[in-house]
1. Looking at the chain as a GNM with Cα springs under 10 Å, which of Gly95, Gly116, Gly282 has the largest mean-square fluctuation?
2. So how do Lys27, Lys270 line up by other beta-carbon neighbours within 10 Å, fewest first?
3. Obtain the nm distance between the two label points defined at Ile332 and Lys251 by a simple spin-label model: each point lies 7 Å from its Cα along the Cα-to-C-beta direction.
4. Along the stretch 202-215, what does the Karplus equation 6.51 cos²θ - 1.76 cosθ + 1.60 (θ = phi - 60°) give for ³J(HN,Hα), rounded to whole Hz, x for Gly and Pro?
5. Given points 7 Å out from each Cα along the Cα-Cβ axis, report the Met1 to Ala359 separation in nanometres with one decimal.
6. Give me the net charge of Lys387's neighbourhood, meaning all other residues with Cβ under 15 Å from the Cβ of Lys387; Lys, Arg count +1, Asp, Glu -1.
7. Under the rule of at least 5 residues apart or a separate chain, name every residue whose amide H is placed under 5 Å from the amide H of Gly135.
8. Would you grab the residues whose amide H sits under 5 Å from the one on Phe38? Only those 5+ places off in sequence or on another chain, please, with H modelled 1.01 Å from N.
Amino acid sequence: MITVDAAEKIILDQCKDFGTEIISFDKCLGRVLAENIFADRDFPPFDRVTMDGIAIDFDAYKNGNRSFKIKATQAAGENPINISNKNECIEIMTGAALPATTNTIVPYEEVEIKNGIATINADTVLINQNIHTKGKDKKQNEILAEANQFINASIVTIAATIGKTNLLVKKNPSIIIISTGDELVDIHETPTDFEIRRSNNYTLQAILKEYFLHVDLLHLPDEQKIINKQLEDCINKYDVIILSGGVSMGKFDYVPEALEKLNVKKLFHKVQQRPGKPFWFGAHAKGTLVFAFPGNPVSTFMCFHRYFLPWLKTSFQITTNKMYAILNEDFIFKPSLQYFLQVKLHINKSGELLATPVAGNGSGDFINLLYTDAFMELPMDKSEFKKGEIFPIWPFKQML
Ligand code: AMP
Ligand code: MG
């Protein structure tokens, strides 16, 4: 049995580069950007007017002039219209390019217009006000978005702005999620009194959907021959196999033996943790990785967040900061295992992230996951954890 840290290290040593591909802009959300995106021009590309109003030369205002003859009206997108003398102004709209002969925008709210004359009634007018200067945000050829991050709405905005119809993204690994167990019927089936419906496979599929990752699903009975045959096919077909169930000490837990028979090298079996102790992890010479999680729903769920998602993100070269929270109640856990305590998170008035234990009824109690937000990783070398102490957390829900 190895420690959580050792298991993590072995898994992260198996991170892989799955290559890149070019995809169209409308398919890019949630994928991982594999190229830096550069500014095709200055941002903004011209001195951009930021309020509807009038454009004036500040000199005239400074010299006491408050009434300006309106020479013309300029909409956004039009060529700038210059004033012929300092006592003129241009009625101008947000998004329009500032005429070179003007340098100040007075908004409509501070102007009265009558008979073609605009009179300013503002308390203060400052030179250059309400102008978003050319190149202020970024200069042409500067990096707007760096590679190795998930493409979110802000990156979509940038890609759209620079007219990037195709983007270079990281290829996703091909993944199959396999549930095992004769007691498990599918969602549309009615279980007998002593059967249950399977859910782990749908849970993991749902999480990966949040990462815009497509996965295949397969269910295997607890039958050695079928397990051997199907796993062999999957090893040939997929980059990653995620299994749930069949890795413990039970008479019908055939998975570890089957995997080793199929030359998947065992990198570890069993981790000093609760839940999820029987976790098995291995790699085939062909490159296929196998994460075989114990079947209890909370075990599968915890292992997936603690081991699989960090593996995925590290493979994508995405850096994430470890998160910590303050334990909000005393908690005792005696076994010499690293305990992943389910906690409810909230931020107090001082801006501190507090974690309140909601322990639940063990690794079969998946309903408790709905009432909690994260696993708090309590160190193995202690058994008493005090309110106010700080420990790492592995959030599994969006906090906002
Ligand atoms: P196992 O790891 O196969 O011994 O399974 C441990 C427990 O998890 C048993 O109670 C199983 O019925 C349950 N279990 C295994 N796989 C699933 C699944 N896909 N969905 C829900 N429960 C499961
Ligand atoms: Mg089983």
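1. For the chain, modelled as a Gaussian network with Cα springs under 10 Å, the answer is Gly116.
2. Details: Lys27 13, Lys270 18.
Neighbour counts put them in this order, fewest first: Lys27, Lys270.
3. Placing both labels 7 Å beyond Cα along the Cβ direction yields 3.8 nm.
4. With coefficients 6.51, -1.76 and 1.60, one gets 6, 4, 5, 4, 5, 5, 5, 4, 5, 9, 6, 9, 7, 10 Hz.
5. The answer from the label model is 1.8 nm.
6. Working: positive: Lys344, Lys382, Lys386; negative: Glu329, Asp330, Glu352, Glu384, Glu389.
Neighbour charge sum, excluding Lys387 itself: -2.
7. So Gly135 has HN proximity to Phe43, Phe46.
8. Leu144
Read-outs: derived from the displayed coordinates by stated rules, not from any lab. Values in this document were obtained by computation on a predicted structure and should not be read as measured data. Reconstructed Cβ throughout: ideal geometry from the backbone, glycine too, with neighbour counts over all protein chains shown.
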